[in-house]
Every structure is written in structure tokens, then in C-alpha cells.
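Working notes for the structure below.
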Amino acid sequence: MEQFEDISLKRLAEILLKKIGFIVAATLIAGVLAFVYSEMMIVPEYESSVSLYVNNETESNVNKTLGSDIQASQMLVDTYIVIIKSDTVLNQVSQKLVEKGIIGYDADALRNSITASAVDATEIFEVTVRDTDPMNTYTIANTIADVAPPIIQDFVEASSVKVIDYAIVGERVSPNIQRNMVLGLIFGFLLSCLFVVLREIFDMRIKDEDELELWFKIPILGVIPDITNSQVKRQGYYSYRRGGKPYEYQQKGVKNDGGKSNKNELVSETKTNSK
């Protein structure tokens, strides 16, 4: 006899709809927890960027911009980024920061907080500083913009680096509270749905006659009423009570034909024989 059946999409939908209140509550709670965690537990981080332009001069002709010069400038961007992240540049930046009253940023700390990349395969590249203090981000970025160009020109001859845009006070980039809330809602919804479905699958109890017929594939001929129900007791069924006397059965609330309560109570007792 096959006692289990494959859960169809219709059955799955019925299971989820039956527990829709729990699913909605769990989803909202997960979203609120994600918001609270993002707002109160994660330290915010800020970013500031400075833009620099790479110029590759060819001979003494500065009135013409050759295609080869532009291509050479694009190739030099990666070289300049490596130089900016070198200890030679970052040690000087660290010293400048100490002079400005900003301490705790050695070469390694600066290197971990700096990212640099070319802008759309052009001769322009950006240096971005990420830190937990918005004021420090733009101060560090602007210090790099002041220190790096002279050092780069010393290493790479016949080229120059010019600052296009200096950095401004850092903007908050982490955590992304809106994204974390959406992820929390999605996670809560999926987890609650999975819990409801698994609980239904592994629940081996038979709850009603329809489920009994569904499992065993046999017709139901009758159903035994629950005589322990409080409403059934009031309708005149015998109730069992165990008290001081050995056993007592009594019938209460029996109505006569006139619709009035019968004052007589049927009581039968079993008594033990005294020795």
C-alpha cells in the first residue's frame, strides 16, 4: 500500500496558503532584523576619490596629440597605479597625514584602504580611499594627489600626472541598508516556506477523515464522535468522574419533552463490601 504521494504544485500551494500568516510574520521579522543589524551592528564606511590625468609627451611637439601618445598614456596608467601603492609614495603620505594630525595610517594600512583603476580605458584614472571616517577619506585622497605626481615624474621620464578633480568629503557606501533589508525579506520568506513544507511532509499525524482517505485510498464508512467534547457533554452523554467515591456515573442536563431540565439525576454507584 502506498502511503505517501508526491507533493504536487496544487498541494504545495495549499500548504503554504494554510500557513500564510506565519510566512508573512517570519518574512517581516527577518527584514526588521536585517535593518537593525545593518543600522546598529555594522560600522559604516565611506569613500572619496581623486581623478588624475596621464600625459605622455613626445619629443618637443606639444601642439599635436598623436594616437600613439594616447595609447602609451593608457598603458602607463597601470604603471602609475603600482607606483602610487608603493612604499615610497605611501610612506610620504603617512608622514603628511601625521603633520595634519591624522595618525594610525602607515603604508600597509593605506595600501589596504586604496583602490585605483582606469576610467573607461582612457588616460584618466581614479584613486579611491575607503575608511570609516568620512573626513579622513578625502584628506588621504587629496594627500595622495599632492604627493604622487612628483614621485611618478621622477620614475617615468617624459610624462606627467595632473590632478583633474580633488576629493570631497566621503560618501557612505557601506552598509547598503536597503539591499540588506531586501535580502533579509527574501531570506525570511524562503526559510519560512521551507520550514512549513518540511513540517507538513514529516508530520505523520492524520488530522481528519479526508486525509485518512487520501493516504490509504479506502472509503470511510463512518466517524466515531468525540464524546469527550464539552458540547457533547451538555447534550446528555454520560460523563465519567473519579472522586472520593469509588466510581460514579451521572447524566446531567437531560431535557424532557417539555424542553425543561429534568431535576432527577441518574446515579449508579458501586460500593465495596465491608468486611
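The values are calculated or read from the model by the stated rules, or taken from the named source; none is laboratory data. Keep in mind it's a predicted model, so treat the numbers as computed, not measured. Neighbour counts run over all protein chains shown; Cβ positions are idealised from the backbone, glycine included. These accessible areas exclude ligands, DNA and RNA; they are computed on the full protein's heavy atoms, side chains included. Shrake-Rupley method; radii C 1.70, N 1.55, O 1.52, S 1.80 Å.
Taking (1) assigned to a helix (DSSP H, G or I); (2) modelled with pLDDT of 90 or more in turn, residue 70 satisfies each apart from (2).
Filtering the range 173-184 for residues that are modelled with pLDDT of 90 or more and among the hydroxyl-bearing types (Ser, Thr, Tyr) leaves an empty set. Summed over the range 164-207, residues that are within 24 Å of residue 20 (Cβ to Cβ), open to solvent by 70 Å² or more (accessible area, probe 1.4 Å) and in a loop (DSSP other than H, G, I, E, B) total 4.
When the residues of the range 103-129 are filtered to those that are within 11 Å of residue 167 (Cα to Cα) and among the aliphatic types (A, V, I, L, M), which remaining residue is surrounded by the fewest Cβ atoms within 10 Å (Cβ to Cβ)? So the residue we want is 127. Each residue in the range 83-128 was checked for being of a type in the set (A, V, I, L, M) and within 14 Å of residue 52 (Cα to Cα), and 8 pass. Annotation note: of 161, 93, the sole residue that is in contact with a Phe, Trp or Tyr (Cβ under 9 Å, 6 or more places away or on another chain), of a type in the set (A, V, I, L, M) and not in a helix (DSSP H, G or I) is 161. Scanning the range 33-56 for residues that are outside any strand (DSSP E or B) and in contact (Cβ under 8 Å) with a residue 12 or more places away in the chain yields a total of 9. So is residue 53 out of contact with any helix residue (DSSP H, G or I) (no Cβ under 8 Å at 6 or more places or on another chain), surrounded by 14 or more Cβ atoms within 10 Å (Cβ to Cβ) and at pLDDT below 90 or not? Yes: the conditions hold for residue 53. One residue is enough: does the range 93-102 have a residue meeting the conditions exposed (fewer than 13 other Cβ atoms within 10 Å of the Cβ), on the phi > 0 side of the Ramachandran plot and either of a type outside the set (Asp, Glu) or at pLDDT 90 or above (or both)? There is at least one residue in the range 93-102 that is exposed (fewer than 13 other Cβ atoms within 10 Å of the Cβ), on the phi > 0 side of the Ramachandran plot and either of a type outside the set (Asp, Glu) or at pLDDT 90 or above (or both).
When residue 153 is tested against (1) under 17 Å from residue 54 (Cβ atoms); (2) assigned to a strand (DSSP E or B), only condition (2) is not met.
Among the residues of the range 130-144, is any open to solvent by less than 90 Å² (accessible area, probe 1.4 Å) and closer than 30 Å to residue 23 by Cβ? Checking the range 130-144: not a single residue is open to solvent by less than 90 Å² (accessible area, probe 1.4 Å) and closer than 30 Å to residue 23 by Cβ. If you scan the range 98-132, which residues turn out to be charged (D, E, K, R), out of contact with any helix residue (DSSP H, G or I) (no Cβ under 9 Å at 6 or more places or on another chain) and closer than 22 Å to residue 172 by Cα? Answer for the range 98-132, where residues must be charged (D, E, K, R), out of contact with any helix residue (DSSP H, G or I) (no Cβ under 9 Å at 6 or more places or on another chain) and closer than 22 Å to residue 172 by Cα: just 126.
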